[in-house]
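The values are calculated or read from the model by the stated rules, or taken from the named source; none is laboratory data. Predicted, not measured: the structure shown is a model, and the values here were computed from it. Note that we place each Cβ from the backbone using ideal geometry, even for glycine, and neighbour counts take in every protein chain shown.
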Amino acid sequence: METDLDRTRWIGRRRLLDALLSGGIVAFLGAVFYPVVRYLTPPAALEAAASSVTAARTGEVKPNSGRVFRFGSKPGLLVRLPSGEWRAFSAVCTHLQCTVQYRADLERIWCPCHNGHFDLTGKNVSGPPPKPLEAYEVIVKGDEVVVVRRA
Amino acid sequence: MRLSSSAEPSRRAAVVGWFDERLGISGAIDFLRHKTVPGGAHSAWYYFGGVSLFLFGIQVATGLLLLFYYKPGTETAYRSVEFIVTHVPFGWLMRSLHAWSANLMIFAVFVHMFSVYFLKAYRPPRELTWLTGMALLALTLTFGFSGYLLPWNELAFFATKVGTDIIAVVPLVGPGAARLLRGGDDVSDATLTRFFGFHVAILPAAFTAVLLLHLLLVQRQGMSDSLGKRDQASKAMPFYPGFIIRDAILWLGVLAVLLVLCTFSPWELGVQADPFASAPAGIRPEWYFAFVSQSLKYLPARVAGIDGEVVGICAFLSGAVFFALVPFLDRRAARGSRSPVFTFIGVAIVIFMITMVTLAYVKPY
Amino acid sequence: MLSRRRATALAFTALQLASVQAPLVGRSAADDDACVLCHSELPAPLNAPVVAMQHDIHAQKGLTCADCHGGDATLMDMSSMAPEKGFRGRPKAAEIPAFCGRCHADGAYMRRFDPRLPTDQLQQYWTSVHGQRLRQGDTKVATCVSCHGAHGVLAPDQAESRVFPANVPATCGGCHSNADYMAEYGIPTDQESRYRRSVHGDLLFVQRDFSAPTCNDCHGNHGAFPPGANSIAEVCGVCHANNAALFVRSPHRRAFDERGFPQCVTCHSNHDIQRTNDEMLGGDPKAVCAPCHPPGSAGHQAAVDMRDAIDHLKGVIAHTETTLTRAKQMGMEVSEEEYSLRESVRPQLIMVRTQTHLADPRAVLEAVATGVTAAAASDASAQATLAEAQARRRNLLIPLALIAALMILLGAKLRQLEKRSGDEHDLRTRSDRNS
């Protein structure tokens, strides 16, 4: 025979269960929405696109100097000629894939591994490299130097 | 006397009443309240439809999130997925969830289909439910095929190549269909664009429409009783709260499994596709297509003067058509009696598929 | 009326013309070239030149037998080879350089055929060992035809040419590897076999990198001479510029010159140069430093210091790579860290090894320090990635715990609701029965 006391206890237990359940559901929904909200918040880093990349700021590279930057998964070489003009190439030497560098004293692109020389159009002019360096297009937007690889 | 939740009856009733006045939903609510699900020894299988639905929900949610960062196109696709996985907070989780849930959903859909088959739930009046279900299976597999290419990695590129080559083998419509899918004669940027359009727009629309029809049919007709058993009333479970809460518990369990998979075995990024490189050794499509590609390997080059591959593909297509028409072919089940022939055919098909998939992974050559 | 001889000759020539890809052009193709007509019918070895000339650069350029050998090719009998007709015949060994040089050293003449061709071969040849010995009367030495052939000469950039880069070692080896032939000269005859075992040989023969040096790249083409002991660095430095530049600034340069040691060859050998490895440096008796720098000497200590520095950098790199591998196995994407390791840190290791040629530990330590700094950055990134992987696994417990709790609570709620409806059902049944 169900007494009033039984029923009160039963309602109390039910209320506790309901409260715990509601709390659990809220916590669960929070645990679901937290990653979603974090995900949707734009991240700080810009992605490294394969076909165009901001290689440097104009002020960072003086005339008659060069710098290696990352282009996709390979290094690229940004060169600023003595005239101030910008050039960009793949920095992968066509001989045995060392990373080339700009030599201000020679005004040439040079590979330290086996003394390969490339001129400022990327053409292989001396040493073992069999082919010219792949050339990229350089676009200066404001103070950003963007290197683009055309398909 | 109703021991109802007398705590706040007026507020809840008022809200429901407000919607009922405008939408007329009291009939639906009443229906759901009294809906029952058959009990009995086979009732565990009844959950796989719901699991498939849950996983589809996960796919939609994670897919929408991935859309925020994914960029289709041969130059950008791989990098954008790499970006998601390395730089976006919880991006790794969303991507792995999407990939794992896709595989689990395909598995669940197959189990759901076979359990319906073996329980003969396709018998009249549920033929349409079966047909819409087969359509959903086909759409699910197409989702898998189109989505697999989108990260544009080496495995995906060559798997798509092999897959579209197999489609091209179908007589009459094959080459045209393959060109339509590929956007040309090779897997290229055009293919990626098309697959993306299929995957995020066309297939979701079609799937949702067919799914609504499928669910509507299931709701209206109720779930099928086991064959040959009468008087399930005493063992029947009410849809609410019994079945729904059990569904929810099971779905939570599936979610837990998914989370463990994503954390301990995240989906790989792979190597960016290079159309000019040669295919890596041992290339094969994903497991859900593996039984097709593997069995084609065993066919001789020519069968009765016809190309072996054509014979194989036509056999598979005919098998699929036969399977779709089973409700109309199985007269014995329609009468409500056992149908051992069809059961046997089903068992043979399942064994065949499992054997082929196992061989594809263990001994591909 | 054609003589039988003439008819056969005509037929033969026609057959040759029909079958040859690079046919005789110019006047030798005409059927009035007596040299070809007669010699093609003669038994071996007199018909050999005609066959060989089918693939010959001189023939392609329109030159005939008479252009080199003189004589009158219009005369169909032996008078064509009369000295009065300018016939030079077959030159003797000592005459060959001048024989070829008659044209090849004449800039104005060579311009007609290939303005790019150098015309200093003859002059260079006289400075070479071969040329000098030839002048002294040694007819065993190489002359033009020894390397280039007499008939059937091909341009050096053709793969079948005897002076194509990949064929040069065998051409030089034809004499220099023949122990009997070279017996009287007292020089080794194992250069070719040693070269084939070397890194340059591997590059040339296996990797097919034709920029790899062969015999003529170090010894000279026509001015063939072993480089002097104190100018070897210049020769190797044509490609290995950094190493040579550092060496000549190092104390080894003077020390070697004083003792007549052959610069680079002292440590690296000349023909069987192997890929370098770090075991060559250091205090171990097997290192190249050991013969001159005994333990306890300053040089020995310097070698030990440099080797330790390199090993330190390698250890840092290996540690980073291990961390990255672990992170990768846990499913993390590490392509960016791998890139920086490949592009910034590993090249620094190459730079460090190059710096050893200055034989100054300070330079090596400085380069190592740069490398270690770069590696530390990579390592920090790798550690962070690994930590992230481990954090993900730990943080998984939160949602799993939540899910487990929710499943339990739902189960309890389910039991409660079903019990309630069960009680309801019982009550209804009881009241039905009672009513």
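Summary of values
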| quantity | calculated |
| --- | --- |
| Residue, modelled with the lowest pLDDT, within the stretch C:405-431, restricted to residues that are within 21 Å of A:Ala27 (Cβ to Cβ) and hydrophobic (A, V, I, L, M, F, W, C) | C:Leu414 |
| Failed item, numbered, when B:Leu139 is tested on (1) modelled with pLDDT under 95; (2) over 22 Å from B:Ser339 (Cα atoms); (3) aliphatic (A, V, I, L, M) | (1) |
| Helices (runs of 4 or more DSSP H) lying entirely in the stretch B:101-190 (those with 1 or more residues that are of a type in the set (Phe, Trp, Tyr) and within 23 Å of B:Tyr78 (Cα to Cα)) | B:127-149, B:154-169 |
| Flag if A:Phe28 is closer than 25 Å to B:Asp274 by Cβ and either in contact with a Leu (Cβ under 8 Å, 6 or more places away or on another chain) or within 14 Å of chain B (Cβ to nearest Cβ) (or both) | no |
| Output for the stretch C:312-323, where each listed residue is among the charged types (D, E, K, R) and either more than 32 Å from the chain's Cα centre (by Cα) or at pLDDT 95 or above (or both) | none |
| Residue match in the stretch A:45-63 (condition: among the small types (Gly, Ala, Ser), out of contact with any helix residue (DSSP H, G or I) (no Cβ under 7 Å at 6 or more places or on another chain) and at pLDDT 90 or above) | no |
| Per-region count, the stretch C:171-194, residues loosely packed, with under 14 Cβ neighbours inside 10 Å and among the hydrophobic types (A, V, I, L, M, F, W, C) | 3 |
| Cβ-Cβ under 9 Å pairs, at least 6 apart or on other chains, the stretch A:130-145 side touching a residue at least 40 places away in the same chain (Cβ under 8 Å), far side of a type outside the set (Asp, Glu) and surrounded by fewer than 11 Cβ atoms within 10 Å (Cβ to Cβ) | A:Tyr136/A:Arg150; A:Glu137/A:Arg150; A:Asp143/A:Gly59 |
| Single condition C:Leu402 does not satisfy, out of (1) surrounded by 14 or more Cβ atoms within 10 Å (Cβ to Cβ); (2) at pLDDT 90 or above; (3) more than 10 Å from chain B (Cβ to nearest Cβ) | (3) |
| The listed residue being of a type in the set (Gly, Ala, Ser) and free of Cβ contacts under 8 Å to residues at least 60 places away in the same chain, out of B:Ala360, B:Ala315 | B:Ala315 |
| Test: residue in the stretch C:237-254 that is farther than 29 Å from A:Trp110 by Cβ and aromatic (Phe, Trp, Tyr) | no |
| Residue match in the stretch B:255-274 (condition: modelled with pLDDT under 85, more than 10 Å from chain C (Cβ to nearest Cβ) and buried (at least 19 other Cβ atoms within 10 Å of the Cβ)) | no |
| Set C:Glu333, C:Glu418, C:Glu337: member being over 25 Å from C:Ala302 (Cβ atoms) and not in a helix (DSSP H, G or I) | C:Glu333 |
| Qualifying position, being in a helix (DSSP H, G or I), loosely packed, with under 14 Cβ neighbours inside 10 Å and either within 14 Å of chain A (Cβ to nearest Cβ) or at pLDDT 90 or above (or both), among C:Glu234, C:Glu279 | C:Glu279 |
| Residue ID - nearest to C:Thr127 (Cα to Cα), chosen from residues in the stretch C:185-231 that are polar (S, T, N, Q) and in a loop (DSSP other than H, G, I, E, B) | C:Asn221 |
| Residues that are within 41 Å of the chain's Cα centre (by Cα) and of a type in the set (Asp, Glu), drawn from the stretch C:59-95 | C:Asp67, C:Glu95 |
| Qualifying residue in the stretch C:261-274 (condition: closer than 30 Å to C:Pro97 by Cα, outside the structural domain of C:Pro156 (by TED's automatic domain parsing) and not basic (Lys, Arg)) | yes |
| Test for B:Val51: is it assigned to a helix (DSSP H, G or I), touching a Phe, Trp or Tyr at 6+ places or on another chain (Cβ under 8 Å), away from chain A (no Cβ under 14 Å) and modelled with pLDDT of 70 or more | yes |
| Criterion: away from every other protein chain (no Cβ under 14 Å) and modelled with pLDDT under 85 - qualifying residue of B:Ile244, B:Ile283 | B:Ile283 |
| Residue in the stretch B:74-95 that is out of contact with any Gly (no Cβ under 9 Å at 6 or more places or on another chain) and more than 14 Å from chain A (Cβ to nearest Cβ) present | no |
| Residue match in the stretch C:63-70 (condition: in contact (Cβ under 8 Å) with a residue 40 or more places away in the chain and not aromatic (Phe, Trp, Tyr)) | no |
| Candidates B:Ile283, B:Ile349, B:Ile345, filtered to the one that is in contact (Cβ under 8 Å) with a residue 40 or more places away in the chain, of a type in the set (A, V, I, L, M, F, W, C) and surrounded by 13 or more Cβ atoms within 10 Å (Cβ to Cβ) | B:Ile283 |
| Residue within the stretch C:364-376 that is surrounded by 15 or more Cβ atoms within 10 Å (Cβ to Cβ) and among the charged types (D, E, K, R) present | no |
| Test result for C:Ser381, within 13 Å of chain B (Cβ to nearest Cβ), within 30 Å of A:Val100 (Cα to Cα) and among the polar types (S, T, N, Q) | yes |
| Single residue of the stretch C:115-140 satisfying the filter (over 28 Å from the mean Cα position of the chain (by Cα) and part of a loop (DSSP other than H, G, I, E, B)) that is farthest from C:Gly173 (Cα to Cα) | C:Pro115 |
| Failed condition for A:Ser83, given (1) modelled with pLDDT of 90 or more; (2) within 30 Å of C:Val235 (Cα to Cα); (3) out of contact with any helix residue (DSSP H, G or I) (no Cβ under 6 Å at 6 or more places or on another chain) | (2) |
| The listed residue being surrounded by fewer than 22 Cβ atoms within 10 Å (Cβ to Cβ), more than 30 Å from A:Tyr34 (Cα to Cα) and either touching a residue at least 60 places away in the same chain (Cβ under 8 Å) or acidic (Asp, Glu) (or both), out of B:Gly176, B:Gly133, B:Gly73, B:Gly144 | B:Gly73 |
| Pairs with Cβ under 7 Å, 6+ apart, first in the stretch B:199-213 and within 18 Å of B:Val109 (Cα to Cα), second acidic (Asp, Glu) and part of a helix (DSSP H, G or I) | none |
| Within the stretch C:237-251, tally of residues that are farther than 19 Å from A:Val125 by Cα, touching a helix residue (DSSP H, G or I) at 6+ places or on another chain (Cβ under 6 Å) and within 13 Å of another protein chain (Cβ to nearest Cβ) | 3 |
